[in-house]
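Worksheet: one structure, shown below.
The values are calculated or read from the model by the stated rules, or taken from the named source; none is laboratory data. These numbers come from a predicted model, not from an experiment. A quick note on method: Cβ atoms are made from the backbone with ideal geometry, for glycine too, and the neighbour counts reach across all protein chains shown. Remember, those area values only see protein heavy atoms, side chains included, never the ligands or the DNA or RNA. Shrake-Rupley method; radii C 1.70, N 1.55, O 1.52, S 1.80 Å.
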Amino acid sequence: ESDAGDYTCVCGDKQSTASLAVHALPVLFKEELKNEEVLEGASVSLRCELTKAAPVQWKIGSKVLKASDKYEMRQPGTTAELVIHDLEVKDA
């Protein structure tokens, strides 16, 4: 999208100008989350991959998760990862 704008070709005292519009593609899941079964007390990493880098929000049900000692969120490039530490039965 940052490439959008007016472009001009200049030759001597003549010029030609055109506008370029760039339409953003939607962000899609390239690799979706996978179901996991983990023992109580362990940690788990949930990971998905997007078609392009974009901000994500992690939820359990309708509750939005925030980074803490329990929830670690990483997003290197197009991969979004949630690590849940010290799992309890209620985290299912």
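Remarks
- Counting only strands (runs of 3 or more DSSP E) that sit wholly inside region 23-92, those with at least 3 residues that are farther than 22 Å from Glu1 by Cβ and open to solvent by less than 60 Å² (accessible area, probe 1.4 Å) are 44-50, 79-84.
- Pick from region 66-84, criterion modelled with pLDDT of 95 or more and among the small types (Gly, Ala, Ser), ranking: farthest from Ala53 (Cα to Cα): Ser68
- Condition broken by Tyr7, with the remaining ones in (1) in contact (Cβ under 8 Å) with a residue 40 or more places away in the chain; (2) in a strand (DSSP E or B) satisfied: (1)
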